[in-house]
């Protein structure tokens, strides 16, 4: 079956006409129309209120909806729907994106929307929630943009379908374009304007009001540069001056970073402010890429510790051995922690896109504001004149109210009454109608007094408004005063630091720490630290803090290794660069700046570090003494590929109680036992042995006695012996008496002998609980590192002790090459 054609045939008198159009002309015309639509209706802000059409429509429609700061929040979807349905003939995505940006405190210097919910994060790392979840209302600053809009202050134009009307520009009580900046890409042109400080911009505008001929240099005293919402540091001000002069320029923004101790072992860079529109995720991703490709060295870890309480906090942990300042310079160079901002001040002036400098931007805004205030004053004067006209008519009626009532009652109808009142009292049509509409209850004596007072007030206000309208100086003064009030209420401190140029380049400093000589220190409370060899140690006679009691110190280099000898007979390799360096100050450093041993070494239960030693194989070696009286000199043979070595083979139940790095090999080795015996003999009497050897007899111990202390003392140096006696069942630090004796009072004896008595026990004492021999002056500390005052030296080697003011746990030196 054939299908019937449904096409309607043309009428018989139809004449077909085909127009030939040059495709070049058609493309040119269509493109220009499209370009003008994008420029004027989408991408570029108006220089008067600083808003693009979509932003202006959002603020205006929120004002029409009554979403003021003192009202409740409403769903953003509702606002978007109202704007799209009445004013903005585009998709909801573009409207919501603009609304979100106006609510972000990191995008706008003075936000115009008060958002409730997830409105995204810096750098758009965390996108905003959908508009069905978020809520909004006008911010306080947005009310200034629409203030007096219902007083004929700006022109209105039909919306896209002619059913609504929208403002061509908002009244704008402050220079929004400079304060919040703008960015947009049109056809053949773009705009990119940074935010500024509200108080600074208003100060410059007020100066320009007072001195219309002010030059750029004077205005820049008030507006020295942009003030970005995210803070940061602007480096190089020449590009800013170019932009303020010509409308185009470039400057660099740097993140704000400080160097801090992020762990007891490492320093780090703390980033609290990032360049404008750069988020932490972007920085972290770039750093990881650079570290992975080996283009960036010295980064151990990167953590984002940002929260609502403390704001942005990006922690970049620096590896030991690298200079944090040099790493920061590399981060500025290779990551978004330093960004360039190209200023392009393109805005619409009378519908035409122009590139404007600072002075021109202020002038366009002020001209707009003068016009707004002038039209507002005219509107208010007209309203007050209309009201005064009615009040005067009512007062005329009240003067002869009986006659007015008689005329109204005797009239046939309201029209006749109106005519008779006009004829009798010479009133206008409007005044007469108002009298007829006024209820009798408003015609009392009290109401007459109120009307007379209102008449006087209206007359004064009309005169004031007329004075403003008739005097350009008064108009400018009023605008300046209103701007000052805005600055006082909404002005904030500057966030962005302006730097003429970058500081002295740290790139000239080596990225890695130099292998300079240093001294490694171990405190009585187990803190490790390093200091430069020229740095003074805590002075013996001066005031000291906790942890300043040094039980061992050795010389090394910043990038070298030292050894830590444990009570289990192990030598653990320790990287010096990992140790915290004490600050270089004029005064002596404090060991409280060190880090605990547990940060660097893995010790067994009940194992402790007895001393530090160099790993230099040219040294005389290490001397060790054990609990059971064994002595050993270790041959300095420490393989570089091993981090753990055995330096003595211990018998069951034995452990190392002391050790010392020999500097010359001519030192005296000193044992002190729990039964108050001291044995001293030259180190040359002990033959050096390999690391696997078990040592030889060092001191002959009586039954039940044990070694308390083993040290090496230079016989030519001023040295002392400290002993403290107590009872067998007492706690280690609960002894009764202690004494100090000059070291030279004790004679040398042969190795493996019993030695001589070093303290005479009093009643209730039967054992030494603490002992030590070493360079003078000796210092004691409690378990927490607090200092303990020691007794005066007693020349009697076998004398009895005297009581202490506090129980000591450790005795050593405050300063010295070793102990």
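Hey, any hits in region 602-610 for a residue that's within 46 Å of the chain's Cα centre (by Cα), at pLDDT below 90 and assigned to a strand (DSSP E or B)?
no
Restricting to region 237-256, give me the number of residues that are surrounded by fewer than 17 Cβ atoms within 10 Å (Cβ to Cβ) and either assigned to a helix (DSSP H, G or I) or within 14 Å of the chain's Cα centre (by Cα) (or both). Before the answer, list the steps.
The initial filter retains those residues of region 237-256 that are surrounded by fewer than 17 Cβ atoms within 10 Å (Cβ to Cβ), namely 238, 242, 245-246, 248, 250.
From the residues that got through so far, the ones that are either assigned to a helix (DSSP H, G or I) or within 14 Å of the chain's Cα centre (by Cα) (or both) too are 238, 242, 245-246.
Count: 4.
Only one of (1) surrounded by fewer than 16 Cβ atoms within 10 Å (Cβ to Cβ); (2) not assigned by TED's automatic domain parsing to the domain that holds residue 458 fails for residue 356. Which number is that?
(1)
For every residue, the table says whether it meets (1) touching a strand residue (DSSP E or B) at 6+ places or on another chain (Cβ under 8 Å); (2) within 23 Å of residue 137 (Cβ to Cβ); (3) at pLDDT 90 or above; (4) surrounded by fewer than 15 Cβ atoms within 10 Å (Cβ to Cβ).
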site: 17; (1), (2), (3), (4): no, no, no, yes
site: 32; (1), (2), (3), (4): no, no, no, yes
site: 61; (1), (2), (3), (4): no, yes, yes, no
site: 71; (1), (2), (3), (4): yes, yes, yes, yes
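Where residues in region 303-343 are surrounded by 20 or more Cβ atoms within 10 Å (Cβ to Cβ) and in a strand (DSSP E or B), which of them is modelled with the lowest pLDDT?
322
Within region 777-788, identify whether any single residue is exposed (fewer than 14 other Cβ atoms within 10 Å of the Cβ), in a loop (DSSP other than H, G, I, E, B) and touching a strand residue (DSSP E or B) at 6+ places or on another chain (Cβ under 9 Å), and answer yes or no.
Scanning region 777-788, I find at least one residue that is exposed (fewer than 14 other Cβ atoms within 10 Å of the Cβ), in a loop (DSSP other than H, G, I, E, B) and touching a strand residue (DSSP E or B) at 6+ places or on another chain (Cβ under 9 Å), so the answer is yes.
How do the pairs read when you match residues in region 590-603 that are closer than 13 Å to residue 264 by Cβ and assigned by TED's automatic domain parsing to the domain that holds residue 573 with residues anywhere that are at pLDDT below 85 and part of a helix (DSSP H, G or I), using Cβ under 9 Å and keeping only pairs 6 or more apart or on different chains?
595/578; 599/578; 600/578
In the same structural domain as residue 424 (by TED's automatic domain parsing), over 30 Å from residue 477 (Cα atoms) and surrounded by fewer than 16 Cβ atoms within 10 Å (Cβ to Cβ): is that true of residue 402 in this structure?
Values: in the same structural domain as residue 424 (by TED's automatic domain parsing): yes; over 30 Å from residue 477 (Cα atoms): yes; surrounded by fewer than 16 Cβ atoms within 10 Å (Cβ to Cβ): yes.
Criteria met by residue 402.
From the list 796, 760, pick out the single residue that is under 14 Å from residue 742 (Cα atoms) and assigned to a loop (DSSP other than H, G, I, E, B).
Details: 760 fails: under 14 Å from residue 742 (Cα atoms).
After applying the criteria, what remains is 796.
For region 192-228: of the residues being more than 29 Å from the chain's Cα centre (by Cα) and either in the same structural domain as residue 372 (by TED's automatic domain parsing) or outside any helix (DSSP H, G or I) (or both), which is surrounded by the fewest Cβ atoms within 10 Å (Cβ to Cβ)?
That would be 213.
Are any residues in region 87-116 over 18 Å from residue 196 (Cα atoms) and in a loop (DSSP other than H, G, I, E, B), and if so, which ones?
Passing the criteria: 87, 88, 89, 90, 91.
Evaluate region 635-647: report whether one residue or more is more than 52 Å from the chain's Cα centre (by Cα), surrounded by 13 or more Cβ atoms within 10 Å (Cβ to Cβ) and either modelled with pLDDT of 90 or more or not in a loop (DSSP other than H, G, I, E, B) (or both).
Taking region 635-647 and keeping what is more than 52 Å from the chain's Cα centre (by Cα), we get 635.
From what's left, surrounded by 13 or more Cβ atoms within 10 Å (Cβ to Cβ): 635.
Imposing the further condition that a residue be either modelled with pLDDT of 90 or more or not in a loop (DSSP other than H, G, I, E, B) (or both) reduces the set to none.
No, region 635-647 has no match at all.
Could you please give the count of residues in region 456-505 that are buried (at least 17 other Cβ atoms within 10 Å of the Cβ) and either free of Cβ contacts under 8 Å to residues at least 60 places away in the same chain or at positive phi (or both)?
0
Which number in (1) under 15 Å from the mean Cα position of the chain (by Cα); (2) surrounded by 18 or more Cβ atoms within 10 Å (Cβ to Cβ); (3) touching a residue at least 60 places away in the same chain (Cβ under 8 Å) marks the one condition that residue 259 misses?
(2)
So, in region 405-453, exactly how many residues are crowded, with 16+ Cβ neighbours inside 10 Å and under 60 Å from the mean Cα position of the chain (by Cα)?
0
Looking only at region 255-287, filter to residues that are out of contact with any helix residue (DSSP H, G or I) (no Cβ under 6 Å at 6 or more places or on another chain) and farther than 26 Å from residue 107 by Cα; which one of those is modelled with the lowest pLDDT?
263
Which numbered condition in (1) touching a strand residue (DSSP E or B) at 6+ places or on another chain (Cβ under 8 Å); (2) under 29 Å from residue 559 (Cβ atoms) is the only one that residue 333 fails?
Among (1) touching a strand residue (DSSP E or B) at 6+ places or on another chain (Cβ under 8 Å); (2) under 29 Å from residue 559 (Cβ atoms), the lone unmet condition for residue 333 is (1).
The values are calculated or read from the model by the stated rules, or taken from the named source; none is laboratory data. Keep in mind that this is a model prediction, so the values were computed, not measured. So basically every Cβ, Gly included, is an ideal-geometry build from the backbone, and we count neighbours across all protein chains shown.
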